[in-house]
Amino acid sequence: MKRILTLLTVLVFTSAIMSSYAQQLSGKVEGIVKDDSQKGAEGATITLLKAKDSTVAKIAAANKTGHYSFEGVPEGRYLVAITAIGFGKAYTQAFDINTSNSAINLKTTALFRQANSLAGVTVVAKKPLVEQKIDRTVVNVEAAVTNVGSSAIEVLEKSPGVSVDKDGNISLKGKEGVLVLVDGRPTQLSGADLANMLKSMPASQLDQIEIMTNPPARFDAAGNAGVINIKTKKNKQFGYNGTATVGVGYGRYAKYNESLNFNYRQGKVNLFTNLNHSYRKGWSELNLQRNLRHRTTKELESYFIQESNMHNEFQSFSGKLGMDYSPSKNTTLGFVVNGYSNPGTFGNRGLIDISDPNWDFKGRTRATADYHQYWKNLSANVNFRTVLDTTGRELTADLDYMVYDSRNDQVLTNTDFNASDVLLRKPDTLLGALPQHIDIYSGRIDYLHPLKKGARFEAGAKLSWVKTDNNARYDSLQNGREVNDVNRTNHFIYEESINAAYANLSHPLGKKLSAQLGLRLENTISLGNQITQDTTFDRSYTSVFPTAYFQYKANDKNNFGLNYGKRIRRPDYESLNPFIRFLDRYTFNEGNPELKPQFSHNIDLSHTYKNFLTTTLNYTRTTDIIQMIIEQRDSVAFAKRANIAKQRQYGVAVSANHPVTKWWTSSLYVNVYNNKFDGVIDNNNISVSTSTLALNGSQQFKFAKTWTAELGGFYRTGGVEGVMRLKSFGMLNLGISKQVMKNNGSIRLNVRDVLNTMKIQARAEYGNVDARFQEMREPRVVNLSFTYRFTKGKMNGGPKKRTNGSASEEQNRVGGGSGN
């Protein structure tokens, strides 16, 4: 903590120095815009552009009289662009801000109504499916017809560079450890729970997905592979507006979802809410073939053929309520409350056939597992933003509180038969009750200070505290009575605090070169207490995370970038929890409280040609990598996460987004990477290396005025994920859409996994582990949806508002239920 306080003192002192340094020239630009009836064009969007390259410098909105102004404008040459619904776009003449001309009063600009515009018609701008920006890749969700009826996790698995495995774990460019945010705020979920939430989040609720492989210092250092920010829909109109969506789908079972987004902005107040409900029933099949070998001699002892038919049925209810209040044009106060509930059931019906090394059948076990799960969350955020002066100095703050409660009641029964299918003994039944409670408190403050010649200084601090309480009880059913199973029962409490501070400086280094340097310091203090076993552990460590970004604009066609960042992946709370979760008598998962964090160094070199073709070379080195492994004791196989190895990855990615013709737009992404793992598992040296090709693409076609169609999908060749060798897999999707009701409504139909190719196959072979896995989920799902947009009001840029809260990493590490 002393180091944190010392760094904060340095940051405050540095801010004071920068404040005195920032006495720079800052001009003011103002003007008036009127419509063709000479009334003030209230709500018109005013954009201040740099005259050299038309890049956006500032955005504002006209008031009731049509007046607008920009303050704190640096020295340079500019022009103003003005847009409003139903009117043609207008521009002012270019002008200069300099020492002799720092206050610009522009002539009144007139807007003229477009001849073909009609009152009440909603103008919808068509966004490209994928946008490649300097520091991130942006996926516009509604631009893809094949996203209709999908869930958030299904949208993610089709996004460039993103992979989702059979358990819902997300990786980016072949690397696990992705920090997932929703509207800039962490979900506080990990593993199966994060997957379950994303499965229950309808795509109709989403606006964009931002993919950042090397985020700057103001973001938490968590996320070995980078950050994925899921942005939900918002609106910036005065008056009220919203969207309502209903959808149905059918594969093997029916599914449906409904969502409502509503926004009301008037004067200084903005109210917003969204409500969502979904029902999903699913099916999957998991087959395992295990060759049991002697632990020492590795000689074959028996064959296990396991067949598991799994089904799940879940409902999801979620809601958001928030308000922003702007007492002045420079200050905004806000709060957001989110709630989430996900009750459901998961079941497995399994058969395990056992044979000797000569394939002589020895017996069979019938296994049933039924889980009744309930997961709920309530979170609250209070936020503050103020612009301190005309130079653009800005202060923002967030306070967050989150509470998670879950319960997982299990009934597991195993029945054994001999080779003649004769019952050997009474079925054994294990009852489990696994409640979990998590409290998260977090707060952050950020300061932004513009400097001379376009430079910026940022600094901030964050404090967080988390407590998880897991009290698992297992009982055996003996002669109709429940008897506590003391060997499996466990009460585990984990507490963790993270204290962080950062500083970031960006500065142009001439006309073509710019740089951004950042430094983040994080101090972690954790305490684990296994009450049942009367054992504790505590860890404390402080880490420094530098970031560096360089951009060189060679000419109008070629732009080069070089980025470096150090990242950390802390163990998920679920992975630290030493609970046992059974699939059947011979297969289970368990936590590992001995897990340590992993660290990675990431370097990216990129080139962008004509703003549509981007090529990126990357190199990553990771130590103490956290990876799911399989260990075998006699006939029992169990999976857990462990710090098994170091990893090296290098690769190249190419992204191309381009309109081929007026009616055909193509988006393609190609990534080739090589992963190498070196480590030790159960006293066995492991070295695995292979190259993988990942393809992702979408072809969009527009015919007539209101019809669009899409052909999209992804494909991935075989590769390595930790100790698992995966075979190739992929899917093809088709979709068609039609605008109706004067473009206020849209009907969309799609087919997911047309060719029924989404099958995951893998093999693990090391030490005495020799196993193959095949999983197939519900194939070929047809979805139909209807969306209606309603609005009454005028467009408004609205105040700039930061969407991310203070609990960035913590939400992504919560665990508990499964919701497979």
Checking rank on 354-365, 475-486, with mean other Cβ inside 10 Å and highest first, the result is 354-365, 475-486
Any aspartates and glutamates whose Cα falls less than 19 Å from that of residue 233, other than same-chain ones fewer than 8 residues away, would be 131, 142, 154, 183, 207, 210, 258, 324
Counting only DSSP loop positions in the range 590-686, the chymotrypsin sites (Phe, Trp or Tyr not before Pro) whose Cβ has at most 16 other Cβ atoms within 10 Å are 612, 663
Once 258, 574 are ranked on solvent-accessible area with the largest value leading and a 1.4 Å probe, the list reads 258, 574
Placing +1 on each Lys and Arg Cβ and -1 on each Asp and Glu Cβ in the range 612-728, then taking the dipole about the Cα centre, the residue among 623, 659, 723 whose Cα reaches farthest towards the positive end is 659
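I need to check one value: relative contact order of the chain, counting alpha carbon pairs closer than 8 Å and at least 6 residues apart, in percent.
Relative contact order for the chain comes out at 14 percent.
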Options [x] 12, 39, 33, 14, 2, 0; [y] 14, 47, 31, 7, 1, 0; [z] 13, 36, 30, 16, 5, 0 are given for P(r) over Cα pairs in 20 Å bins from 0, in percent, and the computed one is [y]
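For the chain, give the percent of accessible area contributed by carbon and sulfur heavy atoms, probe 1.4 Å, rounded to a whole number.
Numbers: 20720 of 36350 Å².
It is 57 percent, rounded to a whole number.
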Descending packing, highest mean Cβ count within 10 Å first, for 432-443, 269-280, 680-691 is 432-443, 269-280, 680-691
From most to least accessible, 1.4 Å probe, no ligand or DNA/RNA atoms counted, 770, 428 line up as 428, 770
Packing-ranked peptide list from 245-252, 98-105, highest mean Cβ count within 10 angstrom first, is 245-252, 98-105
Counting only protein heavy atoms and leaving out ligands, DNA and RNA, the solvent-accessible surface of residue 628 at a 1.4 Å probe, in Å² to the nearest 10, equals 70
Any aspartates and glutamates whose Cα falls less than 19 Å from that of residue 452, other than same-chain ones fewer than 8 residues away, would be 71, 75, 96, 389, 394
Here, residue 453 and residue 605, labelled 7 Å along Cα→Cβ, have an inter-label distance in nm of 2.7
For the range 622-730, listing GluC sites (Glu not before Pro) in a DSSP loop whose Cβ sees at most 13 other Cβ atoms within 10 Å gives none
For residue 462, counting only aspartates and glutamates whose alpha-carbon sits under 13 Å away and dropping same-chain residues fewer than eight positions off, the answer is 220, 398, 400, 446, 522, 809, 810
Once amide hydrogens are built 1.01 Å from N within the peptide plane, the residues lying 5 or more places from residue 781 or on another chain with amide H under 5 Å from its amide H are 752
Phi angles of the range 356-370, converted by Karplus (6.51 cos²θ - 1.76 cosθ + 1.60, θ = phi - 60°) into ³J(HN,Hα) in whole Hz with x for Gly and Pro, give 7, x, 8, 6, 7, 5, 10, x, 9, 10, 9, 10, 10, 9, 10
Per-residue ellipticity at 222 nm attributable to helices in the chain (runs of n ≥ 4 DSSP H, -39500 (n - 2.57) apiece, nearest 500 deg cm²/dmol) works out to -1500 deg cm²/dmol
accessible surface per residue for the chain, probe 1.4 Å, DNA/RNA/ligands not counted, whole Å² -> 44
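The values are calculated or read from the model by the stated rules, or taken from the named source; none is laboratory data. All values reported here derive from a predicted model rather than from experimental measurement. Counting neighbours? That spans all protein chains shown, and the Cβs are built from the backbone with ideal geometry, glycine included. Quick note on the areas: whole protein, heavy atoms, side chains included, nothing else; ligands and nucleic acids left out. Shrake-Rupley method; radii C 1.70, N 1.55, O 1.52, S 1.80 Å.
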